[in-house]
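Only one structure is covered here, and it is reproduced in the block below.
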Amino acid sequence: MICMGPATRAGCGAKCVQAGVPCRGCYGPPANVRDQGAKMASAIAGVLDTDDPAEIAALIDSIPDPIGTFYRFTLPSSTLRRRQP
């Protein structure tokens, strides 16, 4: 499971984390984040320790459902397939 903490608004008191479960992102994105899923993808890309395309692809493939994971609570408001103003 991926912890959504890097792209999630605080306020829940870290109930998931205190129970030993990774944060699911239920409080939505912080006010300064336009797209929670894109922010989470950026956070993961920022910690990858490789430039090898094959290794990057393998790491991405190890996430079973990136869209469902990164956009669990925010897909309707995402910027995916939407014209940007």
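Bear in mind these aren't lab numbers, they're just calculated from the coordinates by the rules spelled out. Here the structure is a predicted model, which is why all the values come from computation and not from measurement. Backbone-built Cβ (ideal geometry, glycine too); neighbour counts: all protein chains shown.
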Inset, instruction - Name the most mobile residue of G13, G25, G37, meaning the one with the largest mean-square fluctuation, in a Gaussian network model of the chain with Cα contacts below 10 Å. - result: G13
Inset, instruction - Please give, to one decimal in nm, the separation of the simple spin-label points placed at R9 and V21, each 7 Å out from Cα toward the Cβ. - result: 2.1 nm
Legend entry - Ordering of 39-47, 14-22 by burial proxy (mean other Cβ atoms within 10 Å per residue, highest first): 39-47, 14-22
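With viscosity set to 1.306 mPa s at 10 °C, what whole-number translational diffusion coefficient in µm²/s follows for the chain from Stokes-Einstein and a Kirkwood radius over Cα pairs?
Translational diffusion coefficient: 115 µm²/s.
Once you sort the root eigenvalues of the Cα gyration tensor of segment 3-44 as a ≥ b ≥ c, which label holds: rounded (a/c under 1.5), prolate (a/b larger than b/c) or oblate (the other case)?
Values: a/c = 3.08, a/b = 1.57, b/c = 1.97.
Oblate is the answer for segment 3-44, as a/c is 1.5 or above yet b/c matches or exceeds a/b.
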Inset, instruction - Hey, can you grab everything whose amide H is under 5 Å from the amide H of T8? Only 5+ residues off in sequence or another chain; H modelled, so Pro and N-termini drop out. - result: none
